[in-house]
Amino acid sequence: ELVYLNGDWLAHDKAFVSVFDRGYMLGDGIYEVIPVYNGQPFAVEGHMLRFQAGLDAVGIGFDVDDLRPLLRQCLERSSLHGSDAAIYIQVTRGVAPRTHFFPEDVKPSVLLYAYPITLRGFENKLASVMISEDIRWHRCDIKSISLMANVRANNEAHRQSLAENLLSREGYITEGSHTSVFFVKNNTVYTHPEGHHILPGITRRVVIDLCGDLGLKLKEEAVQSDEVRNVDEIFLTGTTVQITAVTSVHLDGNEVFRTQDAGPITKMLQTAFIGKVAAET
Ligand code: PLP
């Protein structure tokens with residue numbers, strides 16, 4: 001499989017970056033993951049806007065419009081042509097002697113590739129998750145490649161055969177290690193408001209819009225970890241999980257939430273999501 005790196009399409013085992021790339025050395029970069037259904041990128045404008053916002057927030061001078069021909073090329077070149085995939089894009093500040101301040105006159109390093117991914121069948125999956133402390137920084141809205149707190153949280157869940165780790169900051173659930181999270185209580189859908197403490201998930205936004213289309217009551221309000229035991233439904237959203245029902249939640253070693261199946265509102269949103277993807281790809 002070919003990857004795009006700094007102007008060239010290369011076999012992945014021939015694509016190398018400098019050890020002085022600030023992405024490698026400092027985690028100084030921004031990334032994006034775009035789902036591709038039947039060879040068609042989904043919600044691509046939202047992903048591009050978020051990517052540009054992240055780069056701008058950390059002062060990496062790169063115009064995401066330069067990626068547009070690459071997105072096309074990567075799907076055309078890819079053996080995945082016409083199938084389901086994800087496109088991974090990463091832009092780091094570039095190669096420079098290691099300093100903590102931003103070096104001047106560096107050229108950002110650009111990596112882009114497509115890889116096969118299962119995007120269908122999420123409506124048949126049931127996730128068991130845990131809750132732990134959100135120890136991330138205070139700019140979780142920036143999709144930084146520095147993911148130490150996220151990978152650590154996800155690994156803790158994985159070690160317990162759980163699908164996700166929901167993060168709790170000052171007693172409120174923010175999001176998962178790599179997903180957004182929604183709760184349903186008394187027919188109202190809840191999700192953490194945008195701001196510095198969550199990533200503005202593109203799938204999250206699609207689901208919020210679908211709630212509007214379906215006439216569901218939605219509040220962008222955080223739910224307390226202690227309240228999870230009292231909700232009716234929980235689901236995760238994200239490019240890699242679409243809309244996945246949560247049927248079990250563990251907190252401090254106790255199972256605080258358990259249902260047999262995806263709830264009715266979760267199922268309604270899953271069906272609407274499948275319809276939207278079909279209409280747009
Ligand atoms: N929250 C975090 C921390 C993530 O890493 C991700 C996806 O990578 C999401 C939420 C979901 O965002 P999206 O729907 O744009 O994939």
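The values are calculated or read from the model by the stated rules, or taken from the named source; none is laboratory data. None of the values given here were measured: they were computed from a predicted structure. Using ideal geometry, Cβ is built from the backbone for each residue, glycine included, and neighbour counts are taken over all protein chains shown.
Name the helices (runs of 4 or more DSSP H) wholly inside the stretch 1-105 in which the number of residues that are touching a Phe, Trp or Tyr at 6+ places or on another chain (Cβ under 7 Å) and either over 29 Å from Leu210 (Cα atoms) or at pLDDT below 95 (or both) is 1 or more.
Numbers: elements: 22-26, 44-57, 68-77.
Filter on the stretch 1-105 gives 68-77.
Inspect all residues belonging to the stretch 226-246 and state whether any of them is outside any helix (DSSP H, G or I) and farther than 30 Å from Arg159 by Cα.
Kept after step one, since they are outside any helix (DSSP H, G or I), are these residues of the stretch 226-246: 231-246.
Now restrict to residues that are farther than 30 Å from Arg159 by Cα: none.
No, there is no match, as no residue in the stretch 226-246 is outside any helix (DSSP H, G or I) and farther than 30 Å from Arg159 by Cα.
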Hey, which of the strands (runs of 3 or more DSSP E) in the stretch 150-205, taking only ones fully inside, have at least 3 residues that are within 13 Å of the ligand (Cβ to nearest atom) and within 16 Å of the chain's Cα centre (by Cα)? 164-169, 172-176, 180-185
Would you check if there is a residue in the stretch 115-137 being modelled with pLDDT under 95 and part of a strand (DSSP E or B)? yes
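Touching a Ser or Thr at 6+ places or on another chain (Cβ under 7 Å), of a type outside the set (Asp, Glu) and closer than 23 Å to Thr244 by Cβ, is that true of Ser128? Show your work before the answer.
Values: touching a Ser or Thr at 6+ places or on another chain (Cβ under 7 Å): yes; of a type outside the set (Asp, Glu): yes; closer than 23 Å to Thr244 by Cβ: yes.
Against the criterion (touching a Ser or Thr at 6+ places or on another chain (Cβ under 7 Å), of a type outside the set (Asp, Glu) and closer than 23 Å to Thr244 by Cβ), Ser128 qualifies.
So, in the stretch 206-218, exactly how many residues are under 24 Å from Phe257 (Cα atoms), surrounded by fewer than 16 Cβ atoms within 10 Å (Cβ to Cβ) and within 21 Å of the chain's Cα centre (by Cα)?
So in the stretch 206-218, the residues under 24 Å from Phe257 (Cα atoms) come out as 207-208, 211, 216-218.
Next, from what is left, pick out any that are surrounded by fewer than 16 Cβ atoms within 10 Å (Cβ to Cβ): 217.
Next, only the ones that are within 21 Å of the chain's Cα centre (by Cα) stay: none.
Summing the residues that are under 24 Å from Phe257 (Cα atoms), surrounded by fewer than 16 Cβ atoms within 10 Å (Cβ to Cβ) and within 21 Å of the chain's Cα centre (by Cα) in the stretch 206-218 gives 0.
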For the stretch 139-149, what are the residues that are assigned to a loop (DSSP other than H, G, I, E, B) and either of a type outside the set (Lys, Arg) or closer than 29 Å to Gly215 by Cβ (or both)? Cys140, Asp141, Ile142, Ile145, Ser146, Leu147
